[in-house]
1. Once the principal axes of the Cα atoms of the stretch B:479-542 are found, what is the range along each, listed largest first in whole angstroms?
2. Less than 21 Å apart at the alpha-carbon level, and either on another chain or at least 8 residues along: which lysines does that give for B:LYS523?
3. As an exercise, use a Förster radius of 30 Å and the Cβ-Cβ distance of A:ILE25 and B:GLU147 to find the FRET efficiency, rounded to the nearest 0.05.
4. So how tilted is helix B:439-450 from the main axis of chain B? Cα-based, degrees 0 to 90, rounded to 10.
5. Label points 7 Å out from Cα along the Cβ direction at B:SER78 and A:VAL209: separation in nm?
6. Which residues make up the longest stretch of chain B clear of chymotrypsin sites (Phe, Trp or Tyr not before Pro) that lie in a DSSP loop with no more than 16 other Cβ atoms within 10 Å, not counting the sites?
7. Cross-link candidates for A:LYS75: which lysines have Cα within less than 26 Å, leaving aside residues fewer than 8 places away along the same chain?
8. Direction-averaged shadow area of the convex hull around the Cα atoms of the stretch A:318-371, nm²?
Amino acid sequence: MALAYTPGLKVKASTTIRAVRRLPILGEVLVAQGGTVEFDTAVARTSVPGGVEIVKLVYLLGVDPEDVGRYMRRKVGDKVEKGDVIAEKKGFLGMFRSVAKSPTSGVVQQVSELTGQVTIAEAPVPIEVMAYIPGQVEKVLPSEGVIIRTNAALIQGIFGLGGETHGPVVLAVRSPDEVLTVDKIRDEHGGKIIVGGSLVTVEALRRCVSLGVKGVVVGGIEDKDLSDFLGYEIGVAITGHENVGLTLIITEGFGKMRMSDRTFSLLKRLEGKEAAINGATQIRAGVIRPEIIVPQPEPERGADDFDVPSKGMEPGMAVRIIRDPDFGKIGKIVSLPVELQVVETESPVRVLRVELEDGRTVVVPRADVEIIEE
Amino acid sequence: MGDLATSLDPEKIQVILATDCGSTTSKARFFKKIKNEYRFVCAGEAPTTVEAPYEDVTLGVRNAVREVEELIGHRLLSENGIIDKRIDDKTGIDLYVTTSSAGGGLQMMVAGVVMTMTAESAERAALGAGAIVMDIIAVNDGRRLHEKIEIMRHLRPDMILVAGGTDGGDTEHVIQTVEVIRTAEPRARLGAGYQLPIVYAGNRRARRQVEEILGSKFALTIVDNIRPVLELENSEPAREAIHELFMEHVMSHAPGYNKLMKWTPIPIMPTPAAEGRMFRTLAERRQINVIGVGLGGATTNVYSMYDGKFVRTVSANLGMSYSICNVLRSAGLQNITRWLPFDVDEVKIRNVLRNKMIRPTTIPRTIDELVTEHAVAREALRLGFEHHKLLARGLRGIRIQRTIADIFDQRSFVETYIDMMHVHMIAGTGGLLSHAPRRAQTALALIDGFLPEGVTRLAQDSVFMMPHLGVLSTVHPTAALEIFEKDCLVRMGTCIAVKGRAGEGLDALKLTAVMPDGSTVQKSLKFGEIDQIPLAEGMRATVEIEPAKELDVGAGLGKPLKTDVEGGVVGLILDARGRPLILPEDSKERRRRLLRWFSALDAYPKDAIERYGQDLGEPVKESEQEKGS
């Protein structure tokens, strides 16, 4: 594929970020264009429909569907409390009275004379959308939300768990190949986002949860440990809603994987600063990768524009190999032969020649590298 | 658009461009009339651009088409689209067609009254139209009404198909279902402000009430009942309505599709619908029973055309990249590793599969990883086919007169009607199957995944163009079929497999083949073995097969069968491993057996087989000598 390449995960010390903060259904925007917001500023609010209970009057009162209106004691739109009588049928001479009570508190939403059912809608559930990152309201999307613009350091992970949170960044290891074991998790890590090296163990994660650590950013995790921590096995990579007590971001992949030097050194420089993180990952139909965003002052020369699509591969570019053998190794593109080449599997594929940091030159399928974005 | 399509003059069409916008890759295929026949000329591929930051599917299409332009030096792109008129031999085209599954394809919910009757018919119709069925709502689905409402709100389908009741029958339950939908008020996945399309294909008597309940809040289309009477399933009107709504409501809200729709005079088809159309055509033209499979990165589509009945199923979360870990979860690690000829480090294998899931476009560079992906493929095929058999079965709810003989028949009336002994061909498409370095790898994966019995032909899509030909066949069937036969369908050969079990190492099968040159080849296989006889594509041989008394190849237990067989790039595959296929529990014995099978079909490079053999401490050469020669 002439234009096929795997865009690299972004590791940028300074870039412009535009966060679209949208309500799931229409509602009210709470901030104005040009305003300033903090991590926890509510920017929009709405209510989602509450639960619904259905009362089958035909069975409860023993009446025909088309007659239920006659027996209703409450009309559509009326508020009811749990246990209130909503319909009543008096028997012969007032005896054998049968009643239907509301199974929940809410509003009578519908009375159907086709099925003889009454629908009680519970009170709407209010929801708010937070700013998530501090910055300026660049645009208001009427009734929907806002776009917040900020300058920040941005690190994308490859896979994550858990949703949005924020806290100060702190390193729990000294080097990117160190394993984040349980003994490295200290009491003062509570409320913080801690950075590990090549691997985190399930024991370490459990201790993080018990201490109230907000997030863990680390190079790798064994799949078995991830399943143990979650309590189930993930089938498809759509994450972000797990309720596991913290947000986890894996920067390299599964197994013991040294965190890339670039990522580790940037996180080291950001130590002590407040970061917004989100573990949400969606690989199919709209790639969403987990992210670490640390707001930074605007640089004088202006930040990179995050929205510009990356260009394709060229000789001299830095790439990382993302499949065995040589998984995780970094090198520079030497050449991009046009003709197909046969690899060990005997597949004829488009390849590139990469000079690795250890001096070796290897031939790798183009599909098996990602660009390290400068 | 439709007018233009019908006004096309097939005779004047010489140059055709077809694209498929997949969830990951947009694939362009260039076809041309060369010396009075239509042929495939060239392929181009590029990443699909339906998502941010591009959000315009036509960019990916243009990139894929540009690769074709570069490779063959034929100008196809204008500044704003495709050059849709042939200007000279090197510029423009006569026809452009496309399919799409980008952005998740067509995602539907279906609703019916009884789970195993109208809801199942609705599910079959939606799947047949190329949809992914996200959930099935029925009065007896075991969930409470508020749970159904929550699911509908949460899932946000592209469309809902509602069935229920026979014509003139009771309307209460179908109306109850419709009222639940109105209460839930599910929002469409794409396009914030537009009405969710609903197709009503239930009891005619309820139409007026359905219109009253849903008409103002949804884009309602009413079609003929899918089960007018219990004994009949009439899915075509619902299927057609789904296709129309797919274009009008779903595609028009996906990024860039408004533009793409203007580039082609032919309605955009969902990829699986187009793919299914070609499998169906294949079966109809040859008048045979065919099982087809599209093994993709996200989904596994299985198609069967059996005794004139066409069924398509999609296993939405079984696939070879995005969904690879769902195969792991559904099949279990042991079922995957049973196909591996090397010592397995469980932790490592799990990590390898997870890493494929998070970087789905990577391809194996080592034989170990290739064999691992093929192991997963076997399980995806097996599970996909199991799912398929749940829908490929007779209509339920019908009163069946049972005889004494039926009572002694072990099969239940709800069991699938597909009898593998009467499946004449298994054909596969999709990245892994089409791009396997050796065709024998695809053949073996299809055999192990589907377990054919008796005499079954094997075929595959050469470079993934069945969807392209499927949509092309709607306007130019001649071109589609010529290309299909000459350039798309790779005949891999014929599998001859014994049904039943016999003692390990005992005689299982004797075969005498009269080859095209008149020579005779004889083979004897012990139970548990597999072997191969070269017979080139386009060649035929006459074989006489004598199974052991416990085994059947199509004529009955122990009865000989004489028949003609077709050759192919792999040849004749003799499978004496028995059905069901049981792999040895002992790990070493199992690995030794796998190596024999791989080696017999020359499925993987010799040095890799030898390396695996050495790891076992038993060089494969010795095993080959042991083999029933």
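1. On the principal axes, the stretch B:479-542 reaches 51, 28, 13 Å in Cα extent.
2. Of all the lysines, those that pass the test against B:LYS523 - Cα under 21 Å, at least 8 places apart if same chain - are B:LYS499, B:LYS510, B:LYS549, B:LYS559, B:LYS562, B:LYS621, B:LYS627.
3. 0.90
4. Result, in degrees: 70.
5. Taking the two extended label points, one gets 6.0 nm.
6. Maximal segment without exposed cleavage sites: B:195-412.
7. Straight-distance partners of A:LYS75: A:LYS56, A:LYS89, A:LYS90, A:LYS101, B:LYS148, B:LYS217.
8. Here the figure is 3.3 nm², rounded to one decimal.
No lab work stands behind these numbers, since they all come straight from the coordinates. This one's a predicted model, so the numbers in the text were calculated from it and none came from an experiment. Glycine gets a Cβ as well: all are built from the backbone with ideal geometry, and neighbour counts include every protein chain shown.
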